[in-house]
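Student: Sending over a structure as structure tokens; questions will come in a sec.
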Amino acid sequence: MVSDMLINEEREAEETFAKYKDILYRIAFSNMKNKADAEDVVQETFCRYLKKKPVFEDEGHEKNWFIRVVINICYDIRKSVWFSRTVGFDEVPESEMKHFSLPFVQEDDMLWQVMELAAAYRNPLYLFYYEDYSVREIAQIMELEEGTVKTRLRRGRQMLKERLLFGGEEINSLKQKEKKSRKRKNGEDFTDKI
Amino acid sequence: MQISELGKNRSNIRGIGDAVGKAKQKMQGEAVSRSEREKVPEESFQDSLQKSMNMGLAAERSGAGCRNESEQRGDGAGRTVTGVISCKEPDFGKNIAEGAAARIEQGREAWRAREAEVRRIPYSECDKVEINVLEGYTLKAKLEAGEMKNGIRSCNVYVEMKNEEGEIKAVLFDGSSLCTDSDDAMERIAYAAMEAERSK
């Protein structure tokens, strides 16, 4: 009887893993920019799922929970002292690009440009354009107001345009300026918050 | 009649004789221009016909779109006119007649694109997906079977466009009358989806 329950649980977990592993890996990769870290994030997400065993209202709720956890784990790792002392890619290394593919969309250079943005803009842009999420869904996942998501989409797009027009240096200086002004206001670093 | 009218405007006319003279001149002028008009015989008729044809084509291109696939192939199976042709050419009128016949056949059901209900199809179900982050939109195209036309099932292309605000617009295109070089991004992806399917 107990063994049957365990088998059922195991099967359910396997099914859930199979259902979400691809999208979670893609979101993790867009944040971590390398395969190894992305896989670690996905693994950690499922560990949390198995430990917590959350109850979901529907499939959408379940999916949103997984994505939110992935983004939060990525954020935690990137903010960690270890990560900042070892590797912190802003760009996706060319050697890692082959480990990322979108199933139904043709990849273009813009995808890698999106990945270089700060997390506050990267995640909404990535989810909106490359995973086809609606503004409302992104707002639910990221626990933001819909208006904030729209603003971040607009600003993110603007930043991409500027990046293409002026190149990386200008953007970096803009980023630093923004960081300084945010620090002055809030006493914290905003740019890598989700 | 004219004389009396002219006579009323005394400030412009020196005398009644002058007025009569001017009226005569005017009438003569009219007569001359009328005779001149009559002199230009079939050519002007052809010209005006050509003009009206061209205007019709222009309207069709701007409003209903450009030439469709079958028109480009020149097999006449498609919707209407094959392009601007000179009225002196032997085929003059033939294509127009064919086009008109085709139009009558299609009757009121003739359409190129119409707004459709938004279905929110996922990327996985699309035949073609285009993402334009810089312009702030995504496009999804899906081919589907249309209605029967002359015993052949037509192909429609369902296209969805999501803008930066997250608003979605859906349009259903008639696959047989898609424009190759349309300015409309939705029509372009519809055509690309059709081409991709054809090349399979």
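The values are calculated or read from the model by the stated rules, or taken from the named source; none is laboratory data. Since the model is a prediction, treat every value here as computed from it, not as a measurement. Cβ atoms come from the backbone with ideal geometry, glycine included; neighbour counts cover every protein chain shown. Note: areas computed on protein heavy atoms with side chains; ligands, DNA, RNA excluded. Shrake-Rupley method; radii C 1.70, N 1.55, O 1.52, S 1.80 Å.
Student: Under 9 Å by Cβ, and 6 or more places apart or on different chains, what pairs join a residue from the range A:51-77 that is within 18 Å of A:TYR25 (Cα to Cα) with one that is open to solvent by 60 Å² or more (accessible area, probe 1.4 Å) and outside any helix (DSSP H, G or I)?
Tutor: So the pair list comes out as A:ARG68/A:GLU143; A:TYR75/A:LYS193.
Student: State whether one or more residues within the range A:119-128 are open to solvent by 20 Å² or more (accessible area, probe 1.4 Å) and assigned to a helix (DSSP H, G or I).
Tutor: no
Student: Right, here's the next one. Does A:LEU102 qualify as being more than 23 Å from A:GLY60 (Cα to Cα), of a type in the set (A, V, I, L, M) and either at the interface with chain B (Cβ under 7 Å from one of its Cβ atoms) or surrounded by fewer than 18 Cβ atoms within 10 Å (Cβ to Cβ) (or both)?
Tutor: For A:LEU102, the condition - more than 23 Å from A:GLY60 (Cα to Cα), of a type in the set (A, V, I, L, M) and either at the interface with chain B (Cβ under 7 Å from one of its Cβ atoms) or surrounded by fewer than 18 Cβ atoms within 10 Å (Cβ to Cβ) (or both) - is not met.
Student: Scanning for something within 17 Å of B:TRP111 (Cβ to Cβ), among the acidic types (Asp, Glu) and part of a loop (DSSP other than H, G, I, E, B), does the range B:175-188 turn up at least one residue?
Tutor: Yes, because at least one residue in the range B:175-188 is within 17 Å of B:TRP111 (Cβ to Cβ), among the acidic types (Asp, Glu) and part of a loop (DSSP other than H, G, I, E, B).
Student: Suppose we keep only residues that are aliphatic (A, V, I, L, M) and crowded, with 17+ Cβ neighbours inside 10 Å within the range B:167-184. Which one would you say is nearest to A:LYS150 (Cα to Cα)?
Tutor: Checking each candidate, the answer is B:ALA170.
Student: Still on this model: Just need a number here: residues in the range B:149-191 that are within 14 Å of chain A (Cβ to nearest Cβ) and touching a Gly at 6+ places or on another chain (Cβ under 8 Å).
Tutor: Matching residues across the range B:149-191 total 2.
Student: Filter the range B:138-153 down to the residues that are modelled with pLDDT of 80 or more and open to solvent by 10 Å² or more (accessible area, probe 1.4 Å), then identify the one that is farthest from B:ALA196 (Cα to Cα).
Tutor: Within the range B:138-153, the match that is farthest from B:ALA196 (Cα to Cα) is B:ALA145.
Student: Okay, next question. Tally time: how many residues in the range A:7-34 are surrounded by fewer than 20 Cβ atoms within 10 Å (Cβ to Cβ), of a type in the set (S, T, N, Q) and within 14 Å of the chain's Cα centre (by Cα)?
Tutor: Of the residues in that region, 1 qualify.
Student: Only one residue in A:ASP90, A:ASP4, A:ASP37 is open to solvent by 70 Å² or more (accessible area, probe 1.4 Å), out of contact with any Gly (no Cβ under 7 Å at 6 or more places or on another chain) and part of a helix (DSSP H, G or I). Which one?
Tutor: A:ASP4
Student: Mind checking whether some residue in the range B:138-148 is within 23 Å of A:LEU111 (Cα to Cα), hydrophobic (A, V, I, L, M, F, W, C) and within 10 Å of chain A (Cβ to nearest Cβ)?
Tutor: No, every residue in the range B:138-148 fails to be within 23 Å of A:LEU111 (Cα to Cα), hydrophobic (A, V, I, L, M, F, W, C) and within 10 Å of chain A (Cβ to nearest Cβ).
Student: Follow-up. What's the total number of residues in the range A:53-87 that are open to solvent by 80 Å² or more (accessible area, probe 1.4 Å) and either within 14 Å of chain B (Cβ to nearest Cβ) or in a helix (DSSP H, G or I) (or both)? Spell out how you get there, then give the answer.
Tutor: Step one: of the range A:53-87, the residues open to solvent by 80 Å² or more (accessible area, probe 1.4 Å) are A:53, A:55, A:57-59, A:76, A:79, A:81-82, A:84-85.
Pick out the ones that are also either within 14 Å of chain B (Cβ to nearest Cβ) or in a helix (DSSP H, G or I) (or both) and you get A:59, A:76, A:79, A:81-82, A:84-85.
Number of matching residues: 7.
Student: A further question follows. Checking the conditions here, which among B:GLU89, B:GLU130, B:GLU98, B:GLU195 is at pLDDT 90 or above and either assigned to a loop (DSSP other than H, G, I, E, B) or of a type in the set (D, E, K, R) (or both)? Explain how you work it out, then say what you get.
Tutor: Working: B:GLU89 fails: at pLDDT 90 or above; B:GLU98 fails: at pLDDT 90 or above; B:GLU195 fails: at pLDDT 90 or above.
Of the residues listed, the single one that is at pLDDT 90 or above and either assigned to a loop (DSSP other than H, G, I, E, B) or of a type in the set (D, E, K, R) (or both) is B:GLU130.
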